[in-house]
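Working notes, beginning with the structure itself.
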Amino acid sequence: MAGFEFVNVARPGDVKQHSTQIRRHVMKDIGKARRKPRPKKHKHIILGEGDADAESAKNDDDEERRDATRVLARPNPQRDGSISMMDFPIDMDEERMGLVRFMVEEARACYRPFRFPWLSMGLSDPASWHITLANAALYRTNPGMKKTEFAASSEAVKWYTMSLTSVTKRLADPTTSDSEGLVIAVTGFVCHDSSIGNFDRFRVHMDGLKRIVEKRGGLEALSNPFLRLMISWLDISGATYLNAKPYFNVPEGSLRETDVGNNSPYLEQLLASWDANCSSLGDIMSAMKATAAVANYINRRSDDTSFWRDDLTMGRLLGPAFHEILSLEGRALPSDPADPQYSGTAAREAFRRAALVLLAAVKIRMGAGAFEMRRHLDAFRQISQLPLVDWGAVPELNLWAHVVAALQEDSPGRAWHVLTIVGIMASMGLQTGAQALEIARGVIWVDAVDRGKSELLCDEIDNYLKASVSPPQDDGFVDPQLDLVAAELGLSPENGNNGDHSVSVY
């Protein structure tokens, strides 16, 4: 509103005297009207390596000069407590703002990886914002419960339907069928499928997403660096569950082995001996090194609690290792145990599954969840039970793999692993569980996912070893391993194994 100034003219001749003052006042108001209002500056979080809650940049010019693949900016309603500065892609009434306030308040109480990075993308497109509101409605309908399908909430169904309708129309329009906004919206569908473990529908949406992205020129052609990272993370989440090769390549800005460093002299020594002992393992070396690099990187930072909430760095870190593991070609197990490649092929798959189990444990530690964990543990158990495998071919790595799998199993369900570990220990001349765990730690180990589990496993190994030197109770034949499993680890053929496998003497 323009300000007024009053000029007192007592005589007609005084008008000329005050004309200059009047002219200046009028021109001042005109100048103000012509000026364009400065856009409001959104507060951002700057997320980079080793920076979980990431302080805002103090200088805008410095922020722009930083590498966009290593530093991502996103709105920070969690920090300033205000949502009034957000630019929404749709008209927002009180009902809709209520969902946004719920998202912000719930985020303060419950950390979920990639929540606020996704918010920055959801705000960029109407369809992606609708899917964001659908998820908020779902969480508000079922507070504190496991996430389910949208059908569990009529409000969530409403927003999901609006998003789906928008996506369907744009896919039918050649001018919008490959827009980046559409990519974001479909990524939202993929994200929901992954978060509830619906990997059948995940594949349908991921197939469509890949076609749209390829039409745009590939993953690196997307302008939003976080969108590239988010697609890659979701791609890996599905690939690990399906035990399949990822749809997309590792995006730029990921932390590869050469970026994070790798100080694993014992592993390097073991890998150098593979060609002599078991040449069929050669192609898995890169995957093992990449997994070791992740472990070393985490071990150097795991004492910092904020590290485990640095979702962007974790995504950039785990991606390359998962890609190395999942991109390995499948290899058929020879039908004849006497085949020179038989034990090596079994060991190769055991190492691959153990690496996936270890990285899944890291995902769980960072709060991301890992639907794939149970599938890989079951597959590892089947490998471990293959007949006539010489686990002593590369004993240190085979010991490590069985220890990693055993740590993620609950006792007495890991009885078979304990038996196999003891057999490998015998071939190496090891006499205590502590010795076995020390060797496993020297191969590839993440301290933060141990949490005392190794001590319990060590006790089980030692209990088995102590019981194995006890004299038999009668002259009849008794399968020593079956007897010891029942006596020392609380299992019996009737209630422990559920018909999954039989226990036999090595």
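Brief remarks on what is shown
- Calculated on the alpha-carbon coordinates, the convex hull of the range 333-382 measures out at 56 cubic angstrom per residue.
- With all pairs of different C-alpha atoms in the average, the Kirkwood value for the hydrodynamic radius of the range 274-488 is 18.2 Å.
- For residue 342, the shell of other residues with beta-carbons less than 13 Å away shows a net charge of -2, using +1 for Lys and Arg and -1 for Asp and Glu.
- The relative contact order of the range 274-488, computed from alpha carbon pairs under 8 Å that lie at least 6 residues apart in sequence, is 21 percent.
- Sorted largest first, extent of the range 154-303 alpha carbons per principal axis (Å): 59, 34, 32
- Taking 349, 105 and counting other C-beta atoms within 10 Å, the order from fewest to most: 105, 349
- Cross-link pairs exceeding 21 Å in C-alpha to C-alpha distance, out of 169/215; 169/210; 146/210; 210/289, comprise 146/210; 210/289.
- Its residue count N sets the reference 2.2 N^0.38 Å, and the alpha-carbon radius of gyration of the range 74-242 equals 0.99 times that reference.
- Sequence of 236, 196 once ranked by neighbouring C-beta atoms within 10 Å, starting from the fewest: 196, 236
- Charge sum, other residues only, whose C-beta stays under 11 Å from residue 125's C-beta, Lys/Arg counted +1 and Asp/Glu -1: 0
- Within the range 274-488: Cβ-based charge dipole about Cα centre, in debye rounded to nearest 20 (Lys, Arg +1; Asp, Glu -1): 920
- Computed extension length for residue 223-residue 259: 10.6 nm, one decimal, from 0.36 nm per residue of separation with the Cα-Cα distance subtracted.
- Relative contact order (%) - the range 74-242, alpha-carbon pairs under 8 angstrom, separation at least six: 18
- Annotation: the residues 417, 192, sorted from fewest to most other C-beta atoms within 10 Å of their own C-beta, follow the order 192, 417.
- Divide the volume of the convex hull around the Cα atoms of the range 312-432 by the residue count and you get 117 Å³ per residue.
A short reminder: the numbers here are calculations on the coordinates, not readings from a lab. Every value quoted in this text rests on a predicted model; they were computed, and no experiment measured them. Cβ sites come from the backbone with ideal geometry, for glycine too, and all protein chains shown count toward neighbours.
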